[in-house]
Amino acid sequence: MPISALQAVSKAQNGVGAFILQCKRMEFNFCDWAGSSKGMRSFLKHSLSQFAKENPQIEIIVAPRPNQTPIIRGTYINGREKVIPVDGLEIQQILQKAQLLRNSSGAKLKRITRPVISLNESVRGIFSPFHGKKHVI
Amino acid sequence: MRRAIPRITRPLATRPCCRTCCHPTTVATAPRHFATAIPKKADLPLQEVLRRKIWGTDEAPGAPGTPPPAPQIPVVEEPTKDEEGYIEESDGRALPIVGLMPGLTEWDVPTFANILEPPSTEAIHAAVHRAVVEVYTHVLNGKPVDAPATEGSVAEEGFTPRVRIEVRRNGEAIFHYGDTSIEEEILRMSTGVEGQVVEEGVVGGWLQEGLDGKGWVELGFRGDDIKFAVYKRVYRLTGIRVADPDITRTKTVADLLTHLVAKPPPTKLFDILTTKTELPTLPNVK
């Protein structure tokens, strides 16, 4: 009776073979008049060109939004969006926020309770009271 | 509301009787009806009764239906026109005209700077340059800064644009006249002109320096008298007034120009990004 081998399919892990940046689009909204957009306007004039060159895979949109708080809106491959208001921030702070959006995925923020997260199974096996040294009362 | 005096509720007796002794009385001594309410006629409202009582007459004003009284205008006697030296006023505002030159209408009041149209930026720069050259020429020749103006046309004024002002790093300023006759002409003809700032084609390279904020505009005023003399001359040439606190804070010619020349309207950031940055050339930027 022929025995067929189990067909094992490799799990796709982003970054193992190829890496796909999760952030596909970033939109920068600012106001021409408001003082809270001062840092954003300076960022757009001086730092955005360099940021766009370093990240050619991200679609960058610059749009004025009068009388509104300046924001950076990041759109991800899973369809979710993340918005960060940058009112009153300086150029370097806005650059950090843009890099934060670029480095994150579209997943919701979760609270991590375990120190180690791994896809591999436990090496020593999961505890069982019926195996190993018996407890003597 | 309780009344102070109880109302008489029981009917009176047929024969008038005094209340205290209940003895029958005669008609002459019949008790009178007593009530706290004001006796009023049945056909008049209370408001009308009160109005008549207040005015003290039956023909009180303000009654509904009566016309309002005519306003009384006081009659003012006009002065007689036969007085010696009397000039009948012709001002449309019914105000006496004082101090006007003969031939002028009521609106042609001569001012210190009779400028009708605001000058251009280049004209302002030329006026300031001219004022600086004139004032400092007087200073260099030991003449009073604010020399009295003399009447006379200066239609051929083209001497001040030929003067080049060099400002060194140590703050020293040198006036290059080029020819002694220019300096003499400036001293002779630097007064009595309003509105005639500069002729076209006589402007030197100092105009572009001034527009760029360099060169002669960095000249500092050596004293308040020079500063105010320059401003006075500029005001007469351009008609632009500068507030006293701004003049006090002015240290250089460039500071004075900032108060004279209007700033250009602020451009939109979108225009700056599309014209002065390389964002439009990037393929991933919209």
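The values are calculated or read from the model by the stated rules, or taken from the named source; none is laboratory data. Computed from a predicted structure; not experimentally measured. Positions of Cβ are backbone-derived with ideal geometry, glycine not excepted, and every protein chain shown enters the neighbour counts. The area values use the complete protein model at the heavy-atom level, side chains included, leaving out ligands, DNA and RNA. Shrake-Rupley method; radii C 1.70, N 1.55, O 1.52, S 1.80 Å.
For residue A:24, which sequence-distant residues (separation of 5 or more, or a different chain) have an amide H within less than 5 Å of its own amide H, given hydrogens modelled in the peptide plane?
A:75, A:76, A:77
Take the Cα atoms of the range A:32-103, find their three principal axes, and give me the spread along each one in whole Å, biggest first.
34, 24, 18
Pull up the cross-link candidates among the lysines for residue B:53, meaning alpha carbon to alpha carbon under 28 Å and not fewer than 8 places away within one chain.
In chain and number order, the partners are B:40, B:41.
Over the range A:32-103, average the accessible area per residue using a 1.4 Å probe and give it in Å², no decimals.
Per-residue accessible area for the range A:32-103 comes out at 53 Å².
Given the peptides A:26-36, B:240-250, A:48-58, arrange them by the average over their residues of other C-beta atoms within 10 Å, most packed first.
Peptide ranking by packing, descending: A:26-36, A:48-58, B:240-250.
Please tell me which of these pairs span more than 28 angstrom C-alpha to C-alpha: A:38/B:251; B:251/B:276; B:214/B:276; A:53/B:214; A:110/A:133; A:108/B:268?
Beyond 28 Å: A:38/B:251; B:251/B:276; A:53/B:214; A:110/A:133; A:108/B:268.
Would you please give the residues with an amide H less than 5 Å from that of residue A:86, counting only those at least 5 places away or on a separate chain, with H modeled from the backbone geometry?
Amide H to amide H, under 5 Å and 5 or more residues apart or across chains, residue A:86 pairs with A:71, A:72.
Using 1/(1 + (r/R0)^6) with R0 = 51 angstrom and r between the beta carbons of residue B:176 and residue A:18, what's the FRET efficiency to the nearest 0.05?
0.10
Taking H as built 1.01 Å from N, whose amide H comes closer than 5 Å to the amide H of residue A:62, not counting residues under 5 places away?
Hits under the 5 Å cutoff: A:28, B:286.
May I ask you to evaluate 6.51 cos²θ - 1.76 cosθ + 1.60, the Karplus curve with θ = phi - 60°, for each residue of the range B:273-281 and list the ³J(HN,Hα) values in order in whole Hz, giving x for glycine and proline?
Result, rounded to whole Hz: 5, 7, 10, 10, 10, 9, 4, x, 7.
For chain A, what is the calculated [θ] at 222 nm in deg cm²/dmol (nearest 500), taking -39500 (n - 2.57) for each run of four or more DSSP H residues and dividing by its residue count?
-6000 deg cm²/dmol
For chain A, just say rounded, prolate or oblate: build the C-alpha gyration tensor, square-root its eigenvalues into a ≥ b ≥ c, call rounded for a/c under 1.5, and beyond that prolate if a/b exceeds b/c, oblate if not.
It comes out prolate by the Cα gyration axes.
Provide the buried accessible surface between chains A and B in square angstrom, both chains summed, 1.4 Å probe, rounded to the nearest 100.
Chain pair A/B: roughly 1300 Å² of buried accessible area.
Apply the Karplus parameterisation 6.51 cos²θ - 1.76 cosθ + 1.60, with θ equal to phi minus 60°, to every residue of the range B:128-137 and state each ³J(HN,Hα) to the nearest whole Hz, in sequence, with x for glycine and proline.
Here the 3J(HN,Hα) series is 5, 4, 5, 4, 5, 5, 5, 5, 6, 5 Hz.
Could I have the simple spin-label model distance between residue B:278 and residue A:100, label points 7 Å from Cα toward Cβ, reported in nm to one decimal?
So the label points at residue B:278 and residue A:100 sit 2.9 nm apart.
Treat every Asp and Glu Cβ in the range A:32-103 as -1 and every Lys and Arg Cβ as +1, leave all other atoms uncharged, and give the resulting dipole magnitude about the Cα centre to the nearest 20 debye.
Taking the Cα centre of the range A:32-103 as origin, the dipole is about 40 debye.
Calculate one ³J(HN,Hα) per residue across the range A:84-94 by plugging θ = phi - 60° into the Karplus curve 6.51 cos²θ - 1.76 cosθ + 1.60, and present them in order as whole Hz with x for glycine and proline.
10, x, 10, 6, x, 8, 8, 4, 5, 5, 5
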